[in-house]
Amino acid sequence: MIAVIPFPPKDLSEEVLPAKYHIPVRRVPPRLTTLAKTTIIDWNEGCLRCQRCVKEICPVDAYKKRDFDRKQFVDTIDEMCRSCYRCVQGCPRELVFKAMNPQYRQLGDDYYTPEIIGATWYQAETGKIPVSGAGYGGVFAGEGFDSMWTDMSEIVRPTRDGIHGREYISTSIDLGRKPMFLVFDESGNLMFEPPSLMELPLPVVLAEPPLGANPLRLRQMLAAAAQTLDAVALIARDAVTPDLMDAALSLVPQFPAGQMDLDDPLLSKVRALELTDHPEVISHLEAVKQRYPQLIVWIKVPGDLRAPDRVAALAAAGAGVIRLAATEQARGPNEAGEVHLKDLIRRAHLKLVEHQLRDAVTLLASGGIALAEHVAKAIICGVDGVIVDIPLLLALECRLCRNCQSGQGGTCPIELDNLTVKRGAQRMVNLMGAWNNQLLEILGAMGMREVRRLRGEVGRAMFKEDLDRDIFAPLFARPEGASRRLGE
C-alpha cells in the first residue's frame, strides 16, 4: 500500500524555532560630504552686527564647524544643519534662510529620485530605518509600487514583538523545486529523493549592478557582503575571477543563452547557477541536473507580455526557480514598456495558480527594486523573493551620474577605486540590515510570523486601480439619462 500525503508548507509553529537571524550592522561614515536636501544661504550684506549673532546660538554649532569641500564644491554646513530654523527665524534682517539644494535635486533620475538615494545613503551608513519625524508629506498615490497600500491593521497585536526580540518572525525563503505531495512505501520510507533546496535568511538576492566605475572591486564587495549575510550574489560567469573563488558557495554564476559548459569546474563549487531562457533551456537544465543533482538551477525570463505563459510552461517542464526580469525602472522590456513590474508579477503568479503549479516553483523578480517597501509589495503581488542591484551601488555613495556608462572615460565622482572591499561590503550589509528591519515592521504590523505567508496575499493590500474601478468610478458615475450641468 502506498500513502500519498499532500506536501504542506512550512509552519514555524509546529517546529523548534531556529536562532533569530541577526545582521551585523556597524556604522560606516561616508567618505564624501553628503549632499543635503536643503542648503543655507547666508548673506552678510546689510548685517546689523548684533551683540550676539543668531549663528552663535546654533544648537549643533554648524556655523563654527562649517568648512568648504573643494573636491565637491559643497559647503559642509548643509550636512550638519538639522533644519531647526532657529537662525532663520532669529535674524532681525532675515539674512539667513534655507532653500532647496540644486546639487541634491540633480541626483539620480526620474525613478531613482534624490529622496531614494538620500534614504539609501543613510541606511548604508547606519543600518537604521530612516525616520523623518514629520509624517508623510508626499502625494496620496503614484505609479507602480506607489499605487499600493499595505494593510497595517494588526499593529497592536503581540506578533509585532518579533521586531524587538520577544517573538520570532521568520524572513527566510526556500529556493528550488518543491514536491506537491509525498509518497511513502509500506515501511514508511519516502519513495523518491526530495529535490535540493537552498534556504536564504532574507527574501533578497544580491546582484551585480549594470553600471559601476570599478566592476572588479564591486564584485569583491558583493561577494563579501553575500558571505556576511549568508545570502547569494548573482554574477556573470565570465566575471567570476579566481579572487572570488573563496566565496564560491555565495555566488550564483549567470550563463548566457545557449552557453552552458557541463565541464566548467565552477559547477562543482557553487550551490546554484542561472540560465538565460532560450528554446533549448529545459534540455540544458536536465543535463545539468543529471550531472550535478544537488545544484539549484534558475532560469531568467524577460518580463515581457509573453512572460506569464512562458513561466507556466517552464514550471510544467520541471523548472525549480524562475526569475522574472524587468528593466531598471521596474517596467517590462520592449512592447511591455507600459506594464509595471507589480502587474507582471501578478500575471505570472496567477498563471501559475491557474495551472496548479504555484507551490512547486520559486518565483523571483528583478529590476526596479529600489526600496525596502518594494520587497514586501513585490511579495504581496506573488513572488517569493526579489533581486537587488542598483541600491547596492547607491550604498557606496554613488550619485548615479552614469559617467561610467558614457563611454567617454569620465572620472567617478565617488572615487570607487579608493573604497576598500571591507568598507564597501559593510555598507551593503548595513543597507540590507535596514531593509530587514523594515520588512519585520511590515510583517509584525500585519500579524504575520513568516514572510512566506505574505506571498500572493493581495487581500493585505489595496491597489489604486482596483479602488478606482470598483469604488470611485461607480460613486462618481452620472446616472443614465441625467442632464448635464451648465458649463460641463
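Which log10 I(q)/I(0) values does region 304-365 give at q = 0.12, 0.13, 0.19, 0.20 Å⁻¹ under the Debye formula, counting every alpha carbon as one identical point scatterer?
For region 304-365, the Cα-only Debye profile gives -0.25, -0.30, -0.62, -0.68.
What translational diffusion coefficient, to the nearest whole µm²/s, does the chain have by Stokes-Einstein, given a Kirkwood radius computed over alpha-carbon pairs, a temperature of 20 °C and 1.002 mPa s viscosity?
In µm²/s, the coefficient rounds to 85.
Distance cut-off 30 Å, Cα to Cα: go down the list Lys178/Lys300; Lys269/Lys351; Lys351/Lys464; Lys71/Lys377; Lys128/Lys342; Lys37/Lys71 and report the pairs above it.
Pairs exceeding 30 Å: Lys269/Lys351; Lys71/Lys377.
Under a Cβ-Cβ cut-off of 10 Å, what is the net charge of the residues other than Leu396 that fall near it, where Lys and Arg count +1 and Asp and Glu count -1?
Net charge around Leu396: +3.
When Ser366, Ser283, Ser187 are ordered from fewest to most other Cβ atoms inside 10 Å of their Cβ, what list results?
Ranking Ser366, Ser283, Ser187 by Cβ neighbours within 10 Å, fewest first, gives Ser187, Ser283, Ser366.
How much of the pair distance distribution for region 190-258 lies past 16 Å, counting alpha-carbon pairs only, in percent?
50
Which FRET efficiency value, to the nearest 0.05, do you get for Phe192 and Ala236 by plugging their Cβ-Cβ distance into 1/(1 + (r/R0)^6) with R0 = 30 Å?
Here the calculated transfer efficiency is 0.30.
For Ile57 and Asp470, calculate 0.36 nm times their separation in residues minus their Cα-Cα distance, and state this gained length in nm to one decimal.
Roughly 143.1 nm would be gained on extension.
How much length would be gained if the chain were fully extended between Ile41 and Lys20, taking 0.36 nm per residue of separation minus their Cα-Cα distance, in nm to one decimal?
Using 0.36 nm per residue and subtracting the Cα-Cα distance, I get 2.7 nm.
How much net charge surrounds Ala434 when only other residues with a Cβ under 13 Å from its Cβ are counted (Lys, Arg +1; Asp, Glu -1)?
Its environment carries a net charge of +1.
A short reminder: the numbers here are calculations on the coordinates, not readings from a lab. Computed from a predicted model, the values in this text were never measured in an experiment. Quick reminder, even Gly has a Cβ in these numbers, built from the backbone with ideal geometry, and neighbours come from all protein chains shown.
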